[in-house]
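Below is one structure, written out as structure tokens, with a few remarks after it.
The values are calculated or read from the model by the stated rules, or taken from the named source; none is laboratory data. Values in this document were obtained by computation on a predicted structure and should not be read as measured data. All Cβ positions, even for glycine, are placed from backbone atoms using ideal geometry, and neighbour counts span all protein chains on display. Note: areas computed on protein heavy atoms with side chains; ligands, DNA, RNA excluded. Shrake-Rupley method; radii C 1.70, N 1.55, O 1.52, S 1.80 Å.
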Amino acid sequence: MDIPPDYIPEKSSQKRRPKAAKGQQHQQNFYNDFDMPNQQSQQFAPNFGQQDMFYGGQGSQVFSPAGYGGQMPNFQQFPGQQLLSDPVTNMAMQYGQVLAGQGKDLVNQNIQQYVASSKLKNYFAVDTIYVGKKLGILLFPFTHTDWSVHHSQDEPVAPRYEINAPDLYIPMMAFVTYLLVAGMVLGTQGRFTPEQLGVQASSALVWLIVELLAFSLSLYILNLTTSLRYLDIISYCGYKFVGMTISLLAGVAMSTSVYYGVLAWFCITLAFFLIRTMKVQVTPQQREDGYSKGAKRSLYFVLAVSLAQPLLMWWLTSYIMLS
């Protein structure tokens, strides 16, 4: 339809927005892109607590903060968080930690009464030079002349400073090696079982405890003056595992006759070593008139300790080699 020439359109009451510059329009679009999540959250936030418009009806579910006790649900909580945040649980945990600390201190105090950690460390204060020299003395003690301990007898001496001082490093390592070699020998004979290895370990430990109790009781009954401590007795009785280990290795590598020869050699050397070592540390009492008291008892005690070691060496190795 043609428009009449005299027609004049009516002006709109709305004001026209001024055109923005090209750079400002690009910056405004840039902000709108990053503000999209916030605009969406503001758009859907008013609908929180109303029925779903797409899933309406009587059975529709309404989500509101009242269903969660007035608080928004927190889906980041793990199951035990509420238990750990309980003040009663925290108090119980603190009380348990206090009891554990008190129990640890009590155990340490009781252990310190019988075995001082500082004294026990001295028996393991060895070096390579000491171990080599001590093994040489145990293997061939007849050339060693000075058997006295040159340091104070009141406190244990670190073995690396005194070759004649007893240690627990060599007996412990020899005991572990003895068990390993015993298992190897039983394996070559087709008799190895974990039970057999446990029997060997328990038998050796039981005999070592019996020796400690018997010799300590003998010192008390005979009323002997000595600088020996119970750890010294364990050390001297533990040196027999060196000869036992080498005897088993010689027997399994060669023959039974070689086993007997090596075992007899170490029985002689260990008895000689213990006689010369313990004779210095078990001294008879000196009377006022200058005569010594208890010399025979000291000699009997030293001989009993020295001769008991060869018997135990044969007993603990014969079952492995000869069965």
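I need the full set of residues from region 201-217 which are farther than 13 Å from C237 by Cβ and over 24 Å from the mean Cα position of the chain (by Cα), in order please.
Matches in region 201-217: S203, L217.
Kindly evaluate F266 against the criterion of being at pLDDT 95 or above, under 26 Å from the mean Cα position of the chain (by Cα) and part of a helix (DSSP H, G or I).
no
Restricting to region 170-200, what's the tally of residues that are assigned to a helix (DSSP H, G or I) and touching a residue at least 60 places away in the same chain (Cβ under 8 Å)?
14
Just checking, how many residues over region 136-148 are open to solvent by less than 70 Å² (accessible area, probe 1.4 Å) and in a helix (DSSP H, G or I)?
So the answer is 4.
Let's see how each residue does on (1) open to solvent by 50 Å² or more (accessible area, probe 1.4 Å); (2) in contact (Cβ under 8 Å) with a residue 60 or more places away in the chain; (3) over 24 Å from T143 (Cα atoms); (4) not aliphatic (A, V, I, L, M):
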| position | (1), (2), (3), (4) |
| --- | --- |
| Y236 | no, yes, no, yes |
| G243 | no, yes, no, yes |
| L248 | no, yes, yes, no |
| G251 | no, yes, yes, yes |
| Y259 | no, yes, yes, yes |
| T269 | no, yes, no, yes |
| R276 | yes, yes, no, yes |
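Filter region 274-305 down to the residues that are in contact with a Lys or Arg (Cβ under 6 Å, 6 or more places away or on another chain) and modelled with pLDDT of 65 or more and list them by number.
Passing the criteria: K293, V302.
Would region 201-223 turn up any residue that is of a type in the set (S, T, Y), buried (at least 19 other Cβ atoms within 10 Å of the Cβ) and either part of a helix (DSSP H, G or I) or touching a helix residue (DSSP H, G or I) at 6+ places or on another chain (Cβ under 7 Å) (or both)?
Among the residues of region 201-223, not one is of a type in the set (S, T, Y), buried (at least 19 other Cβ atoms within 10 Å of the Cβ) and either part of a helix (DSSP H, G or I) or touching a helix residue (DSSP H, G or I) at 6+ places or on another chain (Cβ under 7 Å) (or both), which makes the answer no.
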